[in-house]
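Below is one structure, written out as structure tokens, with a few remarks after it.
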Amino acid sequence: MTMCTCVWFKQYSNERNLAVNPQGGNTGLVGGSVPVFDEIILSTALMNQVISFDSVSGILVCQAGCILENLNRYLEELDFIMPLDLGAKGSCHIGGNVATNAGGLRLLRYGSLRGTVLGLEVVLANGSVLNCLASLRKDNTGYDLKQLFIGSEGTLGVITAVCILCPRKPMAVNLAFLGCQSFSQILETFTTCKRMLGEILSAYEFMDDRCMKLVVSHLKLSNPVTESPFFILIETSGSNSTHDQEKLNNFLECVMASGLVTDGTVATDDKKIKTLWALRERITEALTYDGYVFKYDISLPVEKLYDLVIDTRVRLGRSAKNVVGYGHLGDGNLHLNITAESYSHSLLDAIEPFVYEWTAKYSGSISAEHGLGFKKKHYIQYSKPWEAVLLMQQFKAMLDPKGILNPYKTLPSSS
Ligand SMILES: O=C(O)CC[C@@H](O)C(=O)O
Ligand SMILES: [Zn+2]
């Protein structure tokens, strides 16, 4: 398949100036995987084979079109897991995950793909294959070229194979779903949690009461705790269930006694764990039933995270249906979503550039984990200086002089 991709580029795309839109599971949220004008879709769907797995090192080599959930299932049989997990796991492709540097629900524990991806095979715009698929934990020979392609959204090359470091499957997983009265208490609970759970903490997610209302009303899920302004989902992954449960119970006793948390439920069995995760993972889906959705994926200093939601709510007043905040609190990543009965240009004008200016004021990022794609490329300057954007444009011009790789995405045009 890699050969087909490279022959395609050599004989058609590059020679005939045909633009290409690489596409995996097409689950991105910023329009990076959809063609804009007349680009040809290059699907990775048939590149879906595991090439090798080393059960001593935990290093997996696979083709770009492998579905994330299938890889995880394959690894679980061998007592390993993928280092990333996200709501779209059932259809997103690993190549697309790497091309967008997807973050997701396990980043707090296993870090970003920039650390766990050890090698890549990439087909360049001129049809040559860049084989940087080394299966090594350490390799300091020259520039780390794979980093250029991670998060470049298919604008510099088409990722055809990935080498990734996979952790052991944890022997014990516990989940706590908690109700909390204020955002400052969420933050204090987080510091307490890091202190008391230490190395077994694997996720710290939050959602506000409006998110809860949406998943309850649109998806018919049930709230397992009493109504609260905020909810926290804490996951532990460790190697000793008795030890982990004891730690979690001590932590819960502490946060309940101090009033940081007002109600909660704990899950240790798979079924309840999945039910509780669904409340957080399916917010995106619930939002789509609420109307037109304006989506923002923001990194901020964690203590400022929810102020953006409050300020946006005040600014938009009744012109928005719902302004909700949720996300990967442990990573300082807020998902601010605004719904309205239908798309409205005046509402968009009230939201942008307000959200971007607010984010820039606190030195945040206007795309924490979803990329810039087609929708956000013009706002890159809120998070990057012009010298950096210029250098990015120079890289693009060098690797794709004819502009045939996922054009109109990620960067504003240089002219
Ligand atoms: O829909 C969104 O805004 C966020 C989607 C995803 O990154 C999540 O964390 O659920
Ligand atoms: Zn997310």
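The values are calculated or read from the model by the stated rules, or taken from the named source; none is laboratory data. Values in this document were obtained by computation on a predicted structure and should not be read as measured data. No Cβ is skipped: glycine too gets one built from the backbone with ideal geometry, and neighbour counts run over all protein chains shown.
Key figures for this structure:
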read-out: Cross-chain or 6+ apart pairs with Cβ under 9 Å, region 266-285 first and over 12 Å from Val173 (Cβ atoms), then among the polar types (S, T, N, Q) and modelled with pLDDT of 95 or more; value: Thr275/Ser222; Leu279/Ser222; Leu279/Asn223; Ile283/Asn337; Thr284/Asn337
read-out: Filter result for Val129 (in contact (Cβ under 8 Å) with a residue 40 or more places away in the chain, more than 16 Å from ligand 2 (Cβ to nearest atom), crowded, with 21+ Cβ neighbours inside 10 Å and over 13 Å from the mean Cα position of the chain (by Cα)); value: no
read-out: Selection from region 261-280 of residues that are buried (at least 20 other Cβ atoms within 10 Å of the Cβ) and within 16 Å of ligand 2 (Cβ to nearest atom); value: Trp277, Leu279, Arg280
read-out: Which listed residue, of Leu305, Leu260, Leu214, is of a type in the set (A, V, I, L, M), part of a helix (DSSP H, G or I) and closer than 26 Å to Glu199 by Cα; value: Leu305
read-out: Restricting region 281-295 to residues that are among the hydroxyl-bearing types (Ser, Thr, Tyr) and outside any loop (DSSP other than H, G, I, E, B), the residue that is farthest from ligand 2 (Cβ to nearest atom); value: Tyr292
read-out: Qualifying position, being under 26 Å from Leu145 (Cα atoms) and more than 16 Å from ligand 2 (Cβ to nearest atom), among His345, His378; value: His378
read-out: Within region 304-349, tally of residues that are free of Cβ contacts under 8 Å to residues at least 40 places away in the same chain and either of a type in the set (Lys, Arg) or exposed (fewer than 14 other Cβ atoms within 10 Å of the Cβ) (or both); value: 11
read-out: Residue tally, condition part of a strand (DSSP E or B) and small (Gly, Ala, Ser), over region 263-280; value: 2
read-out: Residue match in region 331-339 (condition: within 13 Å of ligand 1 (Cβ to nearest atom) and part of a helix (DSSP H, G or I)); value: yes
read-out: All positions within region 376-412 that are assigned to a helix (DSSP H, G or I) and of a type outside the set (A, V, I, L, M); value: Lys377, His378, Tyr379, Gln381, Tyr382, Trp386, Glu387, Gln393, Gln394, Phe395, Lys396
read-out: Selection from region 315-342 of residues that are more than 16 Å from ligand 2 (Cβ to nearest atom) and small (Gly, Ala, Ser); value: Gly317, Ser319, Ala320, Ala340, Ser342
read-out: Residue within region 233-241 that is part of a loop (DSSP other than H, G, I, E, B) and outside the structural domain of Glu303 (by TED's automatic domain parsing) present; value: yes
read-out: Qualifying residues in region 103-124 (those that are touching a Lys or Arg at 6+ places or on another chain (Cβ under 9 Å), crowded, with 22+ Cβ neighbours inside 10 Å and in contact (Cβ under 8 Å) with a residue 40 or more places away in the chain) - the one farthest from Met82 (Cα to Cα); value: Leu120
read-out: Evaluation of Ile232 against (1) under 30 Å from Tyr343 (Cα atoms); (2) within 16 Å of ligand 2 (Cβ to nearest atom) (one fails), failing number; value: (1)
